[in-house]
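The values are calculated or read from the model by the stated rules, or taken from the named source; none is laboratory data. Just so you know, these numbers come straight off a predicted model, no measurement behind them. Cβ coordinates were reconstructed from backbone atoms using ideal geometry, including for glycine residues, and neighbour counts include every protein chain displayed.
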């Protein structure tokens, strides 16, 4: 089962995604993709660790090359967040690389190994603001990745002001 959880910044998508796996019986793995750069990143990481405390998650930090990750069969996985993974792959070698195929290959590889996959991603690009070329490319690539993941997913949920709205499938919790 694959559930894609999307939404804007601070909309409740992370806490909702964790709730999906509350009743999961078996190993629960949290794949953290935020590579820590700067105080804001460390604060966000700390906030997410506190949110997960006592919920039975094992944390695996994976910033790139998701397809190379080996996971226990039958586990429940929360992948947080594809927006970070996209940026990490895109800007990893001092130049702009197209991350779409690599990120999707990684998502598929994880999905094939586990029983339950919950993916958190971001909605970007709907604000109508004109951005730099690099940011515009990031928005386009993440949009392509999100569309492909939505096709792959059994459930697609958008969080709006903490309210989960079903776009595809059903509410998994």
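What to note about this one:
- Flag for residue 17 being in contact with a strand residue (DSSP E or B) (Cβ under 6 Å, 6 or more places away or on another chain), in a helix (DSSP H, G or I) and crowded, with 17+ Cβ neighbours inside 10 Å: yes
- Single condition residue 5 does not satisfy, out of (1) within 14 Å of the chain's Cα centre (by Cα); (2) surrounded by 13 or more Cβ atoms within 10 Å (Cβ to Cβ); (3) not in a strand (DSSP E or B): (3)
- Candidates in the stretch 54-70 are the residues that are in contact with a strand residue (DSSP E or B) (Cβ under 8 Å, 6 or more places away or on another chain) and more than 16 Å from residue 22 (Cβ to Cβ); of these, the one that is surrounded by the most Cβ atoms within 10 Å (Cβ to Cβ) is 66.
- Scanning the stretch 46-99 for residues that are modelled with pLDDT under 85, part of a helix (DSSP H, G or I) and over 14 Å from the mean Cα position of the chain (by Cα) returns 46, 47, 49, 50, 51, 52.
- Residue check for residue 120: under 15 Å from the mean Cα position of the chain (by Cα), buried (at least 22 other Cβ atoms within 10 Å of the Cβ) and closer than 10 Å to residue 145 by Cβ: no
- Lone unmet requirement of (1) touching a residue at least 24 places away in the same chain (Cβ under 8 Å); (2) in contact with a helix residue (DSSP H, G or I) (Cβ under 6 Å, 6 or more places away or on another chain) for residue 125: (1)
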